[in-house]
Structures are given as C-alpha cells and as structure tokens.
Amino acid sequence: MMGCLRGLFVLLLCAATASAAPPKMSVAQWRDANQAVVISRLDRFVRLPSIAADPEGLNGMAEMLVEELRMRGFEPRLLSADGSPKVVFASLDTPGAKRTVVFYAHYDGQPVTSGAWASDPFVPVMRDMKSPSPVAVDWRAAGGRLDPEWRLFGRAAADDKASIVAFLSAYDALVATGRKPSVNLRVFWEGEEEAGSPHLAAILAANAELLKADLWLIGDGPVHQSRTPSLYFGARGVLGLKATIFGPLTPLHDGHYGNWVPNPATMAAQLIADMRDAEGTILIPGLADAARLPGPADQAAIAALPKIEDTLIASFGIGRTEGQEGLATSIMRPALNIRGIAAGGVGADANSAIPAEASFSIDFRLVPDQTVEGVKASFEAFLSEKGWSVVREAPDLARRLEHPRVIRLEWEPGYPGFRTDISLPVSQAVIGAAGKAAGRPIAVLPMMGGSVPLYIFDGVLKTPLIGLPIANHDNSQHAPNENLRLQNLWDGIDLYAGMMGGLDW
C-alpha cells in the first residue's frame, strides 16, 4: 500500500510541477489547482481513528505520516517514552540555511460519542453551510474550485490534522513552484496531546540534542474570531479546583431550623462573591500580584486587531460584557471562572430543606510569571483570613464541631502560562513572513485565552515558541460535529509556505 502511495504522490507532484509554466505559479495558484488532492489527503487522515482508545489507529496514523514525509525526502523517525504513542519526528536540511525551525502539531483526536454526531465522525462529510439546514455535498464531483465556505466534518479534521495537511501541502507547493525552504525544516507531531501529553517532557528531554532549533511553531488552536490569518505568542495556564462546604450532618427542615443552622449553599454563594466582582476582577489578595502586564508591543498588537466584540455579543446573546477593555485585553490578565455550583435541588427536585453540603468547581487562568503554587498559596491564605478551616478529606465530627466554616479543597494538576516577546527579532520575522504570505495584515495575538502547555517546551528547550493556528474559531473543537472551513485550510497552506520559504532573521 505504501508503495502505491509513494507512486501516487510522485505522479501528482510531477503533474503539479508540469503545470507550472513560466512565469512560475504562486503558492495560492498551486493550491487552487490542487484543492481535490489536498482534501483527499485530509479525508484519508480523518478516516483513521487516531484517538487514545484506539492504539492501533494511533500507530497506523504515525506510520502513515512517516511515509508521507519519506516520500518528500525528509528523514523521519519515531520517538517515544515508556510505551507512549509515537512522536513523528523528521528533518530536512536546506544547503546554506542558517536557521532551523520545528513545526509542531498533534495527530490524535478527542474521544467521540458517535450518537451525538450528525454523521459518523470517522467518515468525513462535506457540507454546504450557506443554507439554513446545512446539506451534504459531493466534493469529488464538484469539479473546479471548491466553495471556500464548505466545511469538512469529522473528528480531528480541525484539531489538529488540518495543520499537518497544511504543512505537507505547503511543502508540495514550494517544490512545485520551484522554491526551496529558507530554513532547515523539522517536524514534531505527537500522538497524545488530547490526553494531556503526559510523556512530552520526557521525550523532549531525552532528545534535546536532536531537537535543537531556533524556533518552534505550534500548529494548534483556532484563528482570531474575525477569520483573519493569525499568530499567537503565548497562552494562559490553568489550575482547577473543586471545593466542598459542609453544613449539618444531614439535610434539615428549613422551617424548623432555617435562620439558625448555617446553610452551606448560602455560604458558598457568599464566598464566591468574595472571590471576584461582577466585572471579573479577582478580589483574592496577592493572587494576581505576579502577573506580567502587557508591554507596549503587546498593546500595539491588540489595538491593531479587527474589532469583533459587537458580533460576538450578538451571536452569544449576551446583554453585557465583563469589563470595558475588550476581549483581547481581558484575556491578558488572570481569570477566575466558576465552572459549576451544586447544592440541594431545583425545580421538581427542590425540597424545603437546608442542604448538608454545597460544592463548586472553579478554574484559574494563569498568565506568565504566576505560578501554580503561588496561586494555591494566595487562595488558601484568603480562605484562612475569611475564617475557613481548610481540609483535604471529608471532615470528621470533631473538626466540624471545632470550626464554624469547614471547606474541603481538591486541587487538580495545573500549569503556568507562557508568552514569547513580540518585539524579539524572531517574532518580527515571523510576523513579517506571515503577513507577506497572507497578502494582508494578520491578527497578532500576544496571548490566547485558552490554555496550551507551552511551558513544557520552554522548560526543556528554552527556544522561542510561536503559535501558528489555522482552524476556524467555530470548529466545534473537542465537541460533536467538529469541522474545518475550507478557506481556513487554504489560508493555512499559504501561511505554512510563508514560514518554510520566507523566514529570515
């Protein structure tokens, strides 16, 4: 099978190259002429269920990617640690190149609940999104250029196999248009990102010499909500927590004991109100003191972003926003999000009783220079100041009787945020190359609001990291009916080609 694939690739590449009559075609012209080839590759990748529950699918995907790279002249190898899914690493040097760039992506996808999908998540379906009820279309029979607003539905189509297809297609475009890479190319495609990358640090450390480079480009995440081709220079960290507040040993009749027995639901509501205000500002002393503020370059980049707040307000159906600073600025500061609150019952489940306990789940979003331990310490000091007795397990009767306010904390693993300085020469080179490839100003995001464990790469490699996202912001990432808008893939190919062939600093 792999031999057939190699032959097919050579034929397609030769055909594409042969069609490049003087003057040389552009990357955009090449991908317009090869849209069906590109989508066919993505379709084939999505059909392979490379999720954590399917080790055979992960292995099959890794082997398929090795062959794709080998056919293009790369030198691939598989890296692993302690039986982890394989990392696909490959290298291709350019004579005379003075810089080495690693392109990161992940080939694994989130687990699926098939019944929640409109179609089989591993049988890709193209849909026309312009009608009120999106309809399936036969893209193979379409002929000519495909509608850029069509979307391909399937698990990992957007997150993150699109980035891998963009890389492969961009390289094909450079070859077909007679251009050579301006940097030495490396790829690092992992297979357990959706499981939290538990072996990533070990693999990086064991192969630190092999992975030496001047820049890592992280091909993951969505573009700006304006659909503008984008770069991001960091991401917030995250730290989750479940808290349980204890009331009476058993629920008590609120007519007999209300106003006398403390209600844990009320105590939880009061505590939450003490932690943050209505505008999202964290009120916990010391928690945000270490947070790195946006610098002049960050502020300039934010000011240049397309304004999308009014569109988002309408699409989300919200009557106001928290704060007046705008979305991009708001995600540059720490956040405290209430993920859920549980106590007693409502509706048909309600009863006239004081609940025995109340719980709430929160997550902190960390910005650079904040630490997980520092956030924990500030939060627990705040609780102590408010008169709470912190426990790690369910309290016994003696603890309940001794302390008027008892709260159990169950911390989740967390990690810090990371941000590469936009003003660095490498950052400015990437911004310039991306803008030239896109043919228009790009969206430069100093930091994504979501969390990506960039600190793992930074901790081992100490190399600049810049995000190279291509997926549409509304791709249903991690959810049923994940999809990729075709124009995002076309823009992504242009962007990747710019990174391979236009970087110089």
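The values are calculated or read from the model by the stated rules, or taken from the named source; none is laboratory data. Computed from a prediction, not measured in an experiment: that's the story for all the values here. Backbone-built Cβ (ideal geometry, glycine too); neighbour counts: all protein chains shown.
Please go through the range 78-92 and pick out each residue that is free of Cβ contacts under 8 Å to residues at least 24 places away in the same chain and out of contact with any helix residue (DSSP H, G or I) (no Cβ under 8 Å at 6 or more places or on another chain).
G83
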Suppose the filter is over 24 Å from D474 (Cα atoms) and touching a Pro at 6+ places or on another chain (Cβ under 6 Å); does A348 pass it? no
Which residues, counting only those in the range 200-231, are among the charged types (D, E, K, R) and either free of Cβ contacts under 8 Å to residues at least 12 places away in the same chain or over 24 Å from Y496 (Cα atoms) (or both)? E209
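Can you tell me which residue within the range 137-155, out of those that are part of a loop (DSSP other than H, G, I, E, B) and of a type in the set (G, A, S), is nearest to the chain's Cα centre (by Cα)?
G154
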Which ones in the range 443-478 are in a strand (DSSP E or B) and modelled with pLDDT under 95? M448, G449, G450, S451
Which pairs have Cβ atoms under 6 Å, sit 6 or more apart or on different chains, and link a residue in the range 129-153 that is assigned by TED's automatic domain parsing to the domain that holds Q35 and small (G, A, S) to one that is surrounded by 10 or more Cβ atoms within 10 Å (Cβ to Cβ) and at pLDDT 95 or above? A136/V125; A136/R127
Given the criterion of a type outside the set (F, W, Y) and closer than 21 Å to T100 by Cβ, identify the matching residue among L445, L468, L409. L468
So for the range 229-249 (the condition being assigned by TED's automatic domain parsing to the domain that holds W30, over 23 Å from the mean Cα position of the chain (by Cα) and surrounded by fewer than 17 Cβ atoms within 10 Å (Cβ to Cβ)), does at least one residue qualify? no
Among the listed residues P294, P285, identify the single one that is under 22 Å from the mean Cα position of the chain (by Cα) and either assigned to a loop (DSSP other than H, G, I, E, B) or closer than 30 Å to Y257 by Cα (or both). P294
Being within 18 Å of E194 (Cα to Cα) and surrounded by fewer than 19 Cβ atoms within 10 Å (Cβ to Cβ), is that true of even one residue in the range 86-108? no
Residue pairs within 6 Å by beta carbon, gap of at least six or interchain, first lying in the range 424-435 and under 11 Å from L465 (Cα atoms), second assigned to a loop (DSSP other than H, G, I, E, B) and not acidic (D, E), listed first then second, are V426/P464; V426/W505
For the range 51-72, how many residues meet the condition of being within 16 Å of S163 (Cα to Cα) and either of a type in the set (F, W, Y) or modelled with pLDDT under 95 (or both)? 0
